[in-house]
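What follows is a short report on a single structure.
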Amino acid sequence: MKKIAAVFASATLLSLAACGEKPMEEANEAAVVENVVEEAGEAVENAGEAVENAAEVVENAVEAVAE
């Protein structure tokens, strides 16, 4: 009976150890994905601002030529 209890205890500890590593890895991967998405969003905002600035430059050039 003691051998069976030892086997179950070992199996339980091994399964807990295996489960403990996966969520940490998944949390790290989720953080990386979140950072990539956030940086992509910032890049899109920056590109939008660059387009707006370019449009203003063109508008100013057109107005300068029209005068």
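Points to keep in mind about this one:
- Reciprocal mean inverse distance between Cα atoms of the stretch 23-67 - Kirkwood radius, Å: 13.2
- Given charges at beta-carbon only (K, R positive; D, E negative), |dipole| of the stretch 23-67 in Debye: 140
Values in this text are rule-based calculations from the coordinates and carry no lab data. Computed from a prediction, not measured in an experiment: that's the story for all the values here. Cβ: placed from backbone, ideal geometry, glycine included. Neighbour counts: every protein chain shown.
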